[in-house]
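Heads up, the thing below is written out as structure tokens.
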Amino acid sequence: MKSALIIGSTGLIGSELVNLLLDSNDYTKVLTFVKRDSGIKHPKLTQYVIDFDKPETYTDLVVGDDFFCTIGTTIKKAGSQNAFRKVDFEYPKQFAAFALDNKVKQFLIISSLNADAMSGNFYLKTKGEIQDFLKNCAFESVAVLQPSLLLGNRTEFRLGEKVGAFFMNAFSFFFQGNLKKYKPIEGKTVAKALLKIAQKNVKGFKIYESDVMQEIGQ
């Protein structure tokens, strides 16, 4: 029986994943790291309310088997590129370092389709950089999930996603063949794929694009 650790547990994918982990017979403990109390109560759940900018206060708490990183924001919500990078690169990097030190075996992260450290797009570049960092980490298993446009009910309204989702769903018949991976995907489907991929524990570094996640998470 395993312990799961998660950052980003209150987001679109993370909130779905927490429920799946709590219901799963594969995990006896679920540890979440949050900025404020989520209000969730469960016998298997341990919630650490932390200051993410004071890593010395939680370095010894990152202990378990599978680490799920579903944390993420937007530049608009963060307020600047630097603030965005802190959430989408610095925090995952810090937790990955602690997880390695504490012998966590597997690290799974939500990235983005077309993430590339060489991209001219700051968002995709940042996502690509954390992927490259994890590729060089000595975890037994690293799984990078690259979803297309995410569908689902977020706690905050994102106009761009709503508009994009409308048009991409309206023209979903175009997403065939090599374009299949660009079809929008439900956050709960991504969460299911995360859980299933974690149980496979594929050794080494592996990227799962959105169409593959769709099949796994059905």
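Of note:
- K135 vs. criteria basic (K, R) and exposed (fewer than 15 other Cβ atoms within 10 Å of the Cβ): yes
- Residue selected from the range 1-38 under the condition without any contact (Cβ under 8 Å) to a residue 40 or more places away in the chain and among the aliphatic types (A, V, I, L, M), by the criterion farthest from I185 (Cα to Cα): M1
- Members of the range 20-29 found to be part of a helix (DSSP H, G or I) and touching a strand residue (DSSP E or B) at 6+ places or on another chain (Cβ under 9 Å), listed by number: L21, L22
- Checklist (1) more than 22 Å from K206 (Cβ to Cβ); (2) at pLDDT 95 or above applied to A78, failing item: (2)
- Of the residues K77, K125, the single one that is touching a residue at least 60 places away in the same chain (Cβ under 8 Å), closer than 30 Å to Y182 by Cα and either open to solvent by 50 Å² or more (accessible area, probe 1.4 Å) or in contact with a Lys or Arg (Cβ under 6 Å, 6 or more places away or on another chain) (or both) is K77.
- Given (1) under 19 Å from the mean Cα position of the chain (by Cα); (2) within 22 Å of A143 (Cα to Cα), number of the condition F52 does not satisfy: (2)
- Checking every residue in the range 101-109 against the condition of being open to solvent by 20 Å² or more (accessible area, probe 1.4 Å) and either among the basic types (K, R) or free of Cβ contacts under 8 Å to residues at least 24 places away in the same chain (or both) gives at least one match.
Residue-by-condition table, conditions (1) assigned to a helix (DSSP H, G or I); (2) at pLDDT 95 or above; (3) open to solvent by less than 30 Å² (accessible area, probe 1.4 Å):
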{"residue": "S15", "(1), (2), (3)": "yes, yes, no"}
{"residue": "V18", "(1), (2), (3)": "yes, yes, yes"}
{"residue": "L31", "(1), (2), (3)": "no, yes, yes"}
{"residue": "S38", "(1), (2), (3)": "no, no, no"}
{"residue": "D60", "(1), (2), (3)": "yes, yes, no"}
{"residue": "F68", "(1), (2), (3)": "no, yes, yes"}
{"residue": "T73", "(1), (2), (3)": "no, no, yes"}
{"residue": "A97", "(1), (2), (3)": "yes, yes, no"}
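- The condition of being part of a helix (DSSP H, G or I), open to solvent by 70 Å² or more (accessible area, probe 1.4 Å) and without any contact (Cβ under 8 Å) to a residue 40 or more places away in the chain holds for only one of N114, N82, that being N82.
- Those residues of the range 138-149 which are surrounded by 15 or more Cβ atoms within 10 Å (Cβ to Cβ), aliphatic (A, V, I, L, M) and at pLDDT 95 or above, in sequence order: V142, A143, V144, L145
- Meets criteria (under 22 Å from A198 (Cβ atoms) and without any contact (Cβ under 8 Å) to a residue 60 or more places away in the chain) for Q47: yes
- When the test is whether a residue is crowded, with 17+ Cβ neighbours inside 10 Å and of a type in the set (D, E, K, R), D23 does not pass it.
The values are calculated or read from the model by the stated rules, or taken from the named source; none is laboratory data. Note that the structure is a prediction, hence the values are computed from the model and not measured. Glycine also receives a Cβ, built like all others from the backbone with ideal geometry; neighbour counts cover every protein chain displayed. All accessible areas refer to the heavy atoms of the entire protein, side chains included, with ligands and DNA or RNA removed. Shrake-Rupley method; radii C 1.70, N 1.55, O 1.52, S 1.80 Å.
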